[in-house]
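Down below is the structure, laid out as structure tokens.
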Amino acid sequence: MASLQETKEDIFSHVPQSLLDKVAQHAPLKSVQAVARLDLDEHGMYLDGYLVLTDEALGGFRQTGGAWQGDWTALKGLGSAVIVEGLGMNLLRLLSDGESRAEYRFTLRHAREVAKLHRRLEARIAGKDEAETAFNGRGEDEKKTRCEKCGGVIPAWAEVCPACLSKRKVLSRLLDFVKPYWWQAALGLVLAVAATAAGLVQPWLTKPMLDDGLGLKHGTKPSFAVLGTYILVMTALMVFIALAGFVRERMMAKLGSRMSRDIRDRTYAHLHKLSLSYFSRRPTGSLVTRVTSDSDRIWDFVAWTVVESVVSVMTIVGVGVMLFLMSWKLACVVLLPIPVMFVLMIVFHKKLHAGFDRLWHRWSVLTAVVADALPGVRVIKAFSQEKREVDRFSRKNDDYYRDDVSMISLWTLFGPVMQFGSQLGALLVWLVGGYWAVSDALAGRTEGAMTAGTLMAFMGFMWMFYGPIHNIAHMDRMFNRAATSVQRIFEILDAQPAIFSKTSAHAVQSLRGEIELSDVSFSYDGVRRVLKDVNLHIAPGEMIGLAGPSGGGKTTMVNLICRFYDVLEGRILIDGVDLRDYDIEAMRRQIGVVLQEPFLFYGTVAANIAYGKPDASLEEIITASRAANAHDFIVGFPDGYDTMVGERGHTLSGGERQRISIARAILNNPKILILDEATSSVDTETEKLIQEALDRLIANRTTIAIAHRLSTLRKASRLIILDKGQIVEQGTHEELTSKEGGVYAKLTRMQAELKSIIAIGG
């Protein structure tokens, strides 16, 4: 198994060179195991300091007068190293024979990196070889809080620093989704070029229509035949432009729809590859918005904005050439307002960029409120908190509305200002061009004269020139909207699963069910260890019970056995093979889980029972239901096994949901079974039915049962008592209840007293 130890480059990446030179005077840099920041002195005053752990010693350094001062504490002779938690700060204390050898203080900002150094320090003190202990460098799917490039804080709603994000680079990544449909994109581009070229011909025809057809040119007679010819040509161009536009828009709309579909499929599939730790810190509403609304905005961007941008750029170039061919002097007049319009675009772009990031953050918060409240609607109604939830939504809705109105005010101001610039250009062209046309007519000039037809054609081209500039300026809003959505989607696609199968993973077909935990430690946040040096062996087919005070680490232990998380230190073996060497999907198919609050999906009862084995026959489903004591109440439903279960199973009682969950586990036929408080929330009669079903379920299976009702653990061959992340007691029910002063005996006594109080009160 490859070590997860950081490379030396990672360790030294944020360490000043002057400190490295100081450390090198004591020990070679290759012996450095970890570095962590210190920011408090012994009086609680801020300082700039570092802890440096080598193979032989721990050094504490602080910068004084531009130089690094500090001392080293040899690891040899140290008894232990402990972190003492305080209010707003923690303390790392080195102990020898119960006496403090050194103390180092730090704020919670650096708690994670000091905790990582502390784990390695403990391993060195205990004499453990690092090859024996796997250290997860950044912890479970840790999210960076500061940008490594600019040092700014990364908002909670983003995975990367918005300030350092290149919108162009983000949008260019969409090309990966265009590649399968490149021919459609290419054909759409060809049609756009053809339609643009045809559009450029139309204003050019205005000149001969007026000068030759209507006879406005000096010395030319009017001719309806000439006029009719040009009208027919213009009609043909109009028909071609309309047909090309129809085909192009239809094709690009389909392309955008296909891309949105592919993005939704890929994003949703990738979400299922990510570990539980990814979802634990992200609002459900935000993830739902990214899969749905953000992908829809990408469709709008691909289908319309991209094409219009390309057409606008080609039109500007083509029309610009035509303007200079007709009259380079008048073309320069047309360009006069452009610098002002360009400056306005830059100014408004910056404001729109920041505004859309803020607006989509507001939208995520708003959807998160809805996603949080709807699943808990029963609790809301039970406590009559409907008004409170409505008010909470209303506040977030108002926040979004205010930012939205601010953005509307911004981009609606932008349009009229840009329009004024183009109107100003039109006035200048009329003024200058009209003056030249009148002067040439009065002077009787024909060679190179400014005619009425030339001026009208020029005006047509001028509006064709300004129009795309307006389009591009307003597309900035669409670009920002799309870039923000693409960024949010790629944040999901770029997230790497903390739990994954190796390329050489073993796709196990069957297990014996032997489980061994060896020196297992774990932390959810990288600071506090929920499990500490746990060692446990479970024989194949053995049933053990996990008990102890709340927060002792029981659920965490089964989460690690299911490999929902990876151990921080140590390893877990199943049938003598490290969990991390198994293929995750194949291994989890061998593990069945019955939860305290079973989750049922919207669908039929039969579909929920067969969730783990979709190809199961109705006969197999009924057999599993009978074993789970669920068949009798299922056939009592009007539609039997075809009865629709409401979302999360709310149309069923707690006991019915639990027995369907047990039937699901029985049908899946796992070799390892985990029961997490399976009977804690039901009445006595239902508990008896569930217990009978569980007795059938645990036969010939390795079973780990968590229960607060200690009576449900009597059938366990062995009880494991966890307290504060450590195994404090082991033995049978009789052995532990007879142990004077034991944790289990105390819990048993407390439950007996509680039952007596309830009986007396009844």
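The values are calculated or read from the model by the stated rules, or taken from the named source; none is laboratory data. Every value quoted in this text rests on a predicted model; they were computed, and no experiment measured them. A quick note on method: Cβ atoms are made from the backbone with ideal geometry, for glycine too, and the neighbour counts reach across all protein chains shown. What goes into the accessible areas is simple: the full protein's heavy atoms, side chains included, and nothing from ligands, DNA or RNA. Shrake-Rupley method; radii C 1.70, N 1.55, O 1.52, S 1.80 Å.
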Worksheet item: Helix 743-761: angle to the longest alpha-carbon principal axis of the chain, degrees 0 to 90, nearest 10?
Response: 90 degrees
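If a/c stays under 1.5 just call it rounded; otherwise compare a/b with b/c (prolate if a/b is bigger, oblate if not). Do that for segment 591-659, with a ≥ b ≥ c from the square roots of the Cα gyration tensor eigenvalues.
Working: a/c = 1.28, a/b = 1.05, b/c = 1.22.
Since a/c stays below 1.5, the shape of segment 591-659 is classed as rounded.
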Worksheet, complete the sentence: Full extension between D55 and L87 adds, at 0.36 nm per residue less the Cα distance, a length in nm of 8.4 nm
Response to the item:
Treating only Lys and Arg (+1) and Asp and Glu (-1) as charged, each at its beta carbon, one finds that the chain has a dipole about its Cα centre, in Debye to the nearest 20, of 1760 debye
Worksheet item: When the dipole is taken about the Cα centre of segment 412-546, and only Lys, Arg (+1) and Asp, Glu (-1) are charged at their Cβ, what size is it in debye, to the nearest 20?
Response: 280 debye
Worksheet item: Once the dipole of segment 451-564 is set up with Lys and Arg at +1 and Asp and Glu at -1 on Cβ about the Cα centre, which of I544, S501, Q487 lies farthest towards its positive end?
Response: Q487
Fill in: Separation of alpha-carbon centers, segment 507-583 and segment 610-672, rounded to whole Å
29 Å
Worksheet, complete the sentence: Only helices counted: for the chain, with every DSSP H run of 4 or more residues adding -39500 (n - 2.57) and the sum spread over all residues, [θ] at 222 nm is -17000 deg cm²/dmol
Worksheet item: Is the shape of segment 54-99 rounded, prolate or oblate, going by the alpha carbon gyration tensor and its root eigenvalues a ≥ b ≥ c, with a/c under 1.5 for rounded and a/b larger than b/c for prolate?
Response: oblate
Worksheet item: Taking the Cα centre of segment 198-339 as the origin and placing charges on Cβ (Lys, Arg +1; Asp, Glu -1), which of G245, P337, S277 is farthest toward the positive end of the dipole?
Response: S277
Practice prompt. Please work out how much accessible surface W411 shows to a 1.4 Å probe, ignoring ligands, DNA and RNA, in Å² rounded to 10.
Written response: 70 Å²
Practice prompt. Give me the angle, in degrees from 0 to 90, between the Cα long axis of helix 684-698 and the longest principal axis of the Cα atoms of the chain, rounded to the nearest 10.
Written response: 90 degrees
Fill in: Highest to lowest packing among 326-332, 31-37, scored as the average C-beta count within 10 Å
31-37, 326-332
Fill in: Largest to smallest accessible area among K502, K688, K76 [probe 1.4 Å]
K76, K688, K502
Item to complete: Between K724 and E103, take the C-beta separation as r, use R0 = 22 Å, and let me know the FRET efficiency to the nearest 0.05.
Response: 0.40
Worksheet, complete the sentence: Expressed in nanometres to one decimal, the distance between label points 7 Å along Cα→Cβ at V635 and K329 is 10.2 nm
Fill in: Selection from A126, V369, V32, by position along the positive dipole direction of the chain (Cβ)
V369
Worksheet item: Given the protein chains as shown and a 1.4 Å probe, how many square angstrom of T292 are accessible, to the nearest 10?
Response: 70 Å²
Discussion item. With angles folded into 0 to 90 degrees, how steeply does helix 306-326 sit against the dominant principal axis of the chain? Use alpha carbons for both and round to 10.
Written reply: 20 degrees
Worksheet, complete the sentence: Expected unfolding gain across W204-S617 under the 0.36 nm per residue rule, minus the alpha-carbon gap, is 141.3 nm
Discussion item. Heavy atoms of the protein only, probe of 1.4 Å, neighbouring chains included. What is the accessible area of F383 in Å², nearest 10?
Written reply: 140 Å²
Item to complete: Assuming R0 = 56 Å, can you tell me the calculated FRET efficiency for the pair A67 and K350, based on Cβ-Cβ distance, to the nearest 0.05?
Response: 0.85
Item to complete: For H270 paired with E42, estimate the spin-label separation in nm (one decimal), with each label point 7 Å from Cα along the Cα-to-Cβ line.
Response: 5.2 nm
Worksheet item: Binning every alpha carbon pair distance of segment 518-654 at 10 Å from zero, what are the percents per bin?
Response: 10, 32, 27, 23, 9, 0
Discussion item. How many angstrom lie between the Cα centre of segment 61-92 and the Cα centre of segment 320-361?
Written reply: 59 Å
Practice prompt. Taking all protein chains together and a probe of 1.4 Å, list D372, D55 from the most accessible to the least accessible.
Written response: D372, D55
Response to the item:
FRET efficiency for A371 and K30 from the Cβ-Cβ distance with R0 = 51 Å, rounded to 0.05, comes out at 0.55
Response to the item:
Counting Lys and Arg as +1 and Asp and Glu as -1 over every other residue whose Cβ sits under 12 Å from the Cβ of D39, the net charge comes to +1
Worksheet item: Assigning unit charges at the beta carbon (Lys, Arg +1; Asp, Glu -1) and nothing else, what dipole magnitude in debye, to the nearest 20, does segment 325-446 show about its Cα centre?
Response: 200 debye
Item to complete: Provide, for q = 0.05, 0.09 Å⁻¹, the log10 of I(q)/I(0) from a solvent-free Debye sum over equal Cα point scatterers in the chain.
Response: -0.44, -1.04
Discussion item. Multiplying the sequence separation of R395 and S18 by 0.36 nm and subtracting their Cα-Cα distance, what value in nm do you get?
Written reply: 130.6 nm
Discussion item. Please list, ordered by chain and number, the residues whose modelled amide H lies under 5 Å from the amide H of L40; skip anything fewer than 5 residues away on the same chain.
Written reply: L47, R105, T107
Practice prompt. Order the following by accessible area, largest value first: M259, M478. Probe radius 1.4 Å; ligands, DNA and RNA are ignored.
Written response: M478, M259
Discussion item. Run the simple label-point estimate for V340 and F500 please: 7 Å along Cα→C-beta, distance reported in nm.
Written reply: 5.6 nm
